[in-house]
Amino acid sequence: GDSVTQMEGPVTLSEEAFLTINCTYTATGYPSLFWYVQYPGEGLQLLLKATKADDKGSNKGFEATYRKETTSFHLEKGSVQVSDSAVYFCALILNSGGYQKVTFGTGTKLQVIP
Amino acid sequence: DSGVTQTPKHLITATGQRVTLRCSPRSGDLSVYWYQQSLDQGLQFLIQYYNGEERAKGNILERFSAQQFPDLHSELNLSSLELGDSALYFCASSVTGGIQYFGAGTRLSVL
């Protein structure tokens, strides 16, 4: 079946460090890929998305590129801030039987220290 | 604000009891999803409804059930509660199953 694998956390970085959170997927077909973010005490929010191979999604300084050859969608940010501390979820959406099925990764917790 | 409303925000109850969690989706969204988030198991998909009909089932226990009403709001019923059911329960909605918009969640504590 479809699956999303994320690197285990927590990831702890100092402010202004470079961030990479790895995400790889397995899917039959051509999924759309997403990153969601969950700040403490809140629900998940869409951070960015990419709908086809080689697309780059970006938002709030975060970027991720849809790499079909390596089935990956790694999240990157050049300089993290304390306010980026949150849990990040990678997800894919695939058309299945006439509707779209969502699969989430297990989440990666990011802690940014001043 | 995602536009998805969940009530109540917090719920404290005892083992063996039954509770109902409510979700109002974004205006125009036909799909509603329920998730359970616990510390040790991450985000677990429970069930999806589309326009009143069950569309997909995930790791939902038999003690749990859900429904979506004609006005598209949804309820998740949890019965014979156990300590291990303590978790955050999220509802999400989408137009046709694409990008999901999440509510703020209901925190359930079973004592």
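Of the GluC sites (Glu not before Pro) in region B:29-86, the ones in a loop by DSSP (not H, G, I, E or B) with at most 14 other beta carbons within 10 Å are B:Glu62, B:Glu82.
Dipole magnitude for region B:1-58: about 140 debye, using +1 per Lys or Arg Cβ and -1 per Asp or Glu Cβ, origin at the Cα centre.
Largest GNM mean-square fluctuation across B:Gln17, B:Gln48, B:Gln100, computed for chain B with C-alpha springs under 10 Å, falls on B:Gln17. A simple charge model with +1 on the Cβ of Lys and Arg, -1 on the Cβ of Asp and Glu and nothing else charged puts the dipole of chain A at about 300 debye relative to its Cα centre.
Beyond 20 Å, how much of the Cα-Cα pair distribution for chain B remains, as a whole percent? Tail of the P(r) past 20 Å holds 33 percent of the pairs. Inter-chain neighbour count for A:55-62: the average number of beta-carbon atoms from partner chains within 10 Å of each residue's beta-carbon is 0. With kT/(6 pi eta Rh) evaluated at 4 °C and eta = 1.567 mPa s, and Rh the Kirkwood radius from Cα pairs, chain A diffuses with a coefficient of 91 µm²/s according to Stokes-Einstein. Only protein heavy atoms count here; under a 1.4 Å probe, A:Lys56 has an accessible surface of about 120 Å². For A:Lys60, the lysines whose Cα falls under 26 Å of its own Cα, not counting residues fewer than eight places away in the same chain, are A:Lys49, A:Lys52, A:Lys68, A:Lys77, A:Lys109. The convex hull built on the alpha-carbon positions of the protein assembly as shown has an orientation-averaged projected area of 12.3 nm².
Using alpha carbons only, how many angstrom separate the centre of region B:4-46 from the centre of region B:63-106? Distance between centres, Cα-based: 4 Å.
Distance between the 7 Å Cα→Cβ label points at A:Phe18 and B:Gln17: 5.2 nm. Loop-located GluC sites (Glu not before Pro) in region A:26-72 (DSSP state not H, G, I, E or B) with no more than 12 neighbouring Cβ atoms inside 10 Å: A:Glu69.
Please give the length that would be gained between B:Thr7 and B:Leu61 if that part of the chain were fully extended, namely 0.36 nm times their separation in residues minus their C-alpha to C-alpha distance (nm, one decimal).
Here the segment from B:Thr7 to B:Leu61 would lengthen by 17.3 nm.
Simple rule: put +1 on each Lys or Arg Cβ and -1 on each Asp or Glu Cβ in the protein assembly as shown, find the dipole, and look at B:Leu72, B:Thr106, B:Tyr89; the Cα lying farthest toward the positive end is B:Leu72.
The values are calculated or read from the model by the stated rules, or taken from the named source; none is laboratory data. Just so it is clear, the structure is predicted and the values come from calculations on it, not from any experiment. Positions of Cβ are backbone-derived with ideal geometry, glycine not excepted, and every protein chain shown enters the neighbour counts. Just the protein is used for accessible areas: all its heavy atoms, side chains included, with ligands, DNA and RNA removed. Shrake-Rupley method; radii C 1.70, N 1.55, O 1.52, S 1.80 Å.
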